[in-house]
Amino acid sequence: MNKLLVTLLIGIMSTQIASAQLIKSYGIKAAFTSANQTSTDWHSETYQFNRRNGLNGAIFAEWLNVPYVSVVTQVEYSQRGTRNTFLWPNNEPAPLRYVTVDNRLDYLSLLPLLKVTIPLPVVRPYLFGGPRCDILLGFKSTLGWYGYDDFYNSFNRSTYGVSVGLGVELASILPVALILEGRYNADIANAYSSSSSNVRNNAYDIWLGVAF
């Protein structure tokens, strides 16, 4: 599956280079992200944890040079995960203490997004949305040795979801266009599945970027 996804990524980028005359714009973005996970156990009860803050980065190309509708193909490095707080035993006089564990998942994300823009002269608001494919690159936990490494090592190597959001593009101010976006991302397939529970990722992003 991962080989197929990497081949798809290479194909997307090659198509962009070969068909440059179809590209409306291209650029780079960076994001602040607030991620979390939901876990559903075999009782069908859903649990939320503490949100984890992180950073994302992306390159993109926008296609179809028409007034209102375009397609954005985007490749991202996405941080996901969660933070858990629980009582932890130790050998000091106080037998228990609260410990917060930071669990980070790193994904390579591929997104084809439909974008609808109001083409005003300077400020161009727009809506966008589409599917996403996330390929797990790695993970890190501050208590990995306590079992989190085994848990995250059992995660699916790829998962699927949707992304929706709104943005604004500032044009005709600088030689490049400035981009500000707010976006919500949610898995529609399980990132982890077992006989007793499953886990899905979700995140809110604030993106800043430039388009050429």
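No lab work stands behind these numbers, since they all come straight from the coordinates. All of these numbers come straight from a predicted model, not from anything done at the bench. Here the Cβ is made from the backbone with ideal geometry for all residues, glycine too, and neighbour counts use every protein chain on show.
Taking amide H positions as placed in the peptide plane 1.01 Å from N, state which residues far from LEU143 in sequence (5 or more) or on other chains have amide H under 5 Å from it.
Counting only residues 5 or more places away or on other chains, the set is ASP102.
Rounded to the nearest 0.05, what FRET efficiency is calculated for LEU174 and ASN53 with R0 set to 22 Å and r the Cβ-Cβ distance? Let's see the in-between values first.
Details: r = 29 Å, r/R0 = 1.31.
It comes out at approximately 0.15.
Whose amide H sits under 5 Å from the amide H of PHE49, counting only residues 5 or more places off or on another chain, with H placed in the peptide plane?
GLN37
Would you mind calculating the relative contact order of segment 123-212 from Cα pairs under 8 angstrom and at least 6 residues apart, reporting the percent as a whole number?
28 percent
Treating the Cα atoms of segment 65-212 as identical point scatterers in vacuum, please give the log10 of the normalised Debye intensity I(q)/I(0) at q = 0.18 Å⁻¹, two decimals.
Computed log10 I(q)/I(0) values: -1.05.
For LYS115, go through the aspartates and glutamates and keep the ones whose alpha-carbon is under 16 Å away, minus same-chain ones fewer than eight residues off.
GLU62, GLU169, GLU181
Would you please give the residues with an amide H less than 5 Å from that of ALA191, counting only those at least 5 places away or on a separate chain, with H modeled from the backbone geometry?
Those lying under 5 Å, H to H, from ALA191 are VAL199, ARG200, ASN201.
Within segment 69-86, list the residues whose amide N lies under 18 Å from a label point set 7 Å along Cα→Cβ of LEU143.
Inside the label zone: 81-86.
Within the set of other residues whose C-beta is less than 10 Å from the C-beta of ARG52, count the net charge using Lys and Arg as +1 and Asp and Glu as -1.
Summing Lys/Arg as +1 and Asp/Glu as -1 gives +3.
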